[in-house]
Amino acid sequence: MQGTVDGFTHGPVIPVLAFLVACLGAALGLRFTIRSPRTARSFRTGRLALGALSIGSGIWAMHFVAMTGFTVVEAPLSHDKPHILAGLVVAVVMAGVGLFIVGYRGATRMALITGGTLTGLGIACTHYLGMAGIRFPGHFTYETPLVVLSVLIAAAAATAALRFALSSRAFLSGLGAAVMMAAAVTGMHYTGMAALGVQLHPAAPGPTSHVR
């Protein structure tokens with residue numbers, strides 16, 4: 001039986017809040033990244049690690065804030081904790097690899113493409129790990145073209161954000177880069193959710209429930 005998906009249970013307030021959470025993590029993380037080339041090499045690693053922790057945590061938190069507005073009308077939902085923790089680790093590690101590439105190799109074209117792509121893949125992996133950890137009496141299905149599009153959005157927007165952040169150290173440029181990175185995270189999330197379908201087991205319970 002096909003389930004009924006509602007990704008905007010609380011209206012626009014949850015997507016806006018999720019975007020702001022992603023903005024906050026991106027702004028802090030990109031600030032560390034922008035400043036890293038001006039620090040001694042011995043301190044650069046620490047700044048980039050803090051940047052990865054900030055951006056990765058923002059990616060992870062954005063997903064779970066957004067998921068508070070997600071319901072399957074016919075079934076209760078819950079989260080598997082190992083998948084939650086794995087998503088956080090993946091987000092931080094992948095963002096870290098991307099930032100270290102641009103932090104040590106500079107804003108070259110190849111470094112930006114590689115770093116942005118890896119960061120975008122981290123965003124996508126965090127999302128789909130989180131979805132894999134949702135427990136309910138059924139399973140998710142995905143439309144492959146939209147899944148591919150979601151990954152491309154994440155990679156392209158993350159690359160643009162890194163390029164914009166490193167091209168100028170002005171405050172407004174950093175803010176614009178944070179908005180681009182948040183757009184990568186939220187754009188990927190909601191495109192991935194648009195690809196989602198739900199198949200319920202015949203004995204699935206009836207009450208509507210939010211993700212716990």
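Scan the stretch 3-43 for residues that are in contact with a Ser or Thr (Cβ under 9 Å, 6 or more places away or on another chain), surrounded by fewer than 18 Cβ atoms within 10 Å (Cβ to Cβ) and modelled with pLDDT under 90 and the total you get is 7. Does any residue of the stretch 115-132 turn out to be touching a Pro at 6+ places or on another chain (Cβ under 9 Å) and hydrophobic (A, V, I, L, M, F, W, C)? Scanning the stretch 115-132, I find no residue that is touching a Pro at 6+ places or on another chain (Cβ under 9 Å) and hydrophobic (A, V, I, L, M, F, W, C), so the answer is no. Only one entry in 187, 120, 133 is in contact with a His (Cβ under 6 Å, 6 or more places away or on another chain) and not β-branched (Val, Ile, Thr), namely 133.
Cβ-Cβ contacts under 7 Å between residues 6 or more apart (or on different chains), taken from a first residue in the stretch 89-117 that is farther than 20 Å from residue 53 by Cβ to a second residue that is open to solvent by 40 Å² or more (accessible area, probe 1.4 Å) and at pLDDT below 95, are listed as 107/163; 107/166; 107/167; 111/105; 112/163. Among the residues of the stretch 178-212, not one is at pLDDT below 90 and under 25 Å from residue 153 (Cα atoms).
For the stretch 2-12, state whether one or more residues are more than 13 Å from the chain's Cα centre (by Cα) and part of a helix (DSSP H, G or I). No.
Residues in the stretch 65-75 that are in a helix (DSSP H, G or I) and open to solvent by 10 Å² or more (accessible area, probe 1.4 Å): 65 alone.
Does the stretch 15-22 contain any residue that is in contact with a Lys or Arg (Cβ under 9 Å, 6 or more places away or on another chain), part of a helix (DSSP H, G or I) and either in contact (Cβ under 8 Å) with a residue 24 or more places away in the chain or at negative phi (or both)? Scanning the stretch 15-22, I find no residue that is in contact with a Lys or Arg (Cβ under 9 Å, 6 or more places away or on another chain), part of a helix (DSSP H, G or I) and either in contact (Cβ under 8 Å) with a residue 24 or more places away in the chain or at negative phi (or both), so the answer is no. For beta carbons closer than 6 Å, sequence separation of 6+ or different chains, a first residue in the stretch 49-64 that is under 10 Å from residue 28 (Cα atoms) and part of a helix (DSSP H, G or I) and a second that is aromatic (Phe, Trp, Tyr) and at pLDDT below 95, the qualifying pairs are 50/32; 51/32. Identify, from the list 165, 178, the residue that is under 24 Å from residue 64 (Cβ atoms) and touching a helix residue (DSSP H, G or I) at 6+ places or on another chain (Cβ under 9 Å). Exactly one of 165, 178 is under 24 Å from residue 64 (Cβ atoms) and touching a helix residue (DSSP H, G or I) at 6+ places or on another chain (Cβ under 9 Å), namely 178. Picking from residues in the stretch 76-88 that are in contact with a His (Cβ under 9 Å, 6 or more places away or on another chain) and open to solvent by less than 40 Å² (accessible area, probe 1.4 Å), the one that is nearest to residue 162 (Cα to Cα) is 87.
The values are calculated or read from the model by the stated rules, or taken from the named source; none is laboratory data. Small disclaimer: the values here were computed from a predicted structure and weren't measured. Positions of Cβ are generated from backbone atoms using ideal geometry, with glycine treated the same way; all protein chains shown enter the neighbour counts. Accessible surface is based on the protein model in full, side chains and every heavy atom, while ligands, DNA and RNA are left aside. Shrake-Rupley method; radii C 1.70, N 1.55, O 1.52, S 1.80 Å.
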